[in-house]
Amino acid sequence: MTQKSRTHKHENSHFQASKCDPSLFVYSHANNVIYILVYVDDIIITGNNSAILHTLVSQLHSVFSLKDLGDLDYFLAIEGKTQSDGSLILTQSKYIIDLLNRTDMETSKPISSPMIPGSNLSKAGSEDFLDASLYH
């Protein structure tokens, strides 16, 4: 059984499905980039060219019933905070605070993490831990 192509046509270029996340589609052409993240009936669309984004949203709206909820605020436990320079910071601090409140742990004392600050993670793995007892 073969899988259908996961490339979706947009004008003369294509949206490519992400290799890491099947719900993320990326359009890249002539220094313009658009990201579309689809989760059930929610869609996040962002990119670096507002004219192209507007055109895309208009095209999608002509085919689907869309409701523009404005700037990203909170999606799948990730909070989006737009900065004054237009950049977007993604954080899970609201999710963590809500989780601590739901589990009556908001007054718990923090504990240090065994993660080494500044370490580089790799999907290929790394050398063995120096002190494996930290992780047991």
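The values are calculated or read from the model by the stated rules, or taken from the named source; none is laboratory data. Quick caveat: nothing in here was measured; it's all calculated off a predicted structure. Neighbour counts are summed over all protein chains in view; Cβ atoms, including those assigned to glycine, are modelled from backbone coordinates with ideal geometry. All accessible areas refer to the heavy atoms of the entire protein, side chains included, with ligands and DNA or RNA removed. Shrake-Rupley method; radii C 1.70, N 1.55, O 1.52, S 1.80 Å.
With the biggest extent put first, the Cα atoms of region 14-68 measure 27, 26, 15 Å across the principal axes. Residues Ser122, Ser50, sorted by accessible area with the largest first, give Ser50, Ser122 [1.4 Å probe; ligands and nucleic acids excluded].
On a per residue basis, region 14-68 carries 72 Å² of accessible surface, using protein heavy atoms and a 1.4 Å probe. Checking every one of the chymotrypsin sites (Phe, Trp or Tyr not before Pro) in region 29-89 against DSSP loop status and a limit of 12 other Cβ atoms within 10 Å picks out Phe64. A simple spin-label model places pseudo-atoms 7 Å from Cα toward Cβ; at Ser62 and Ser93 they are separated by 4.3 nm.
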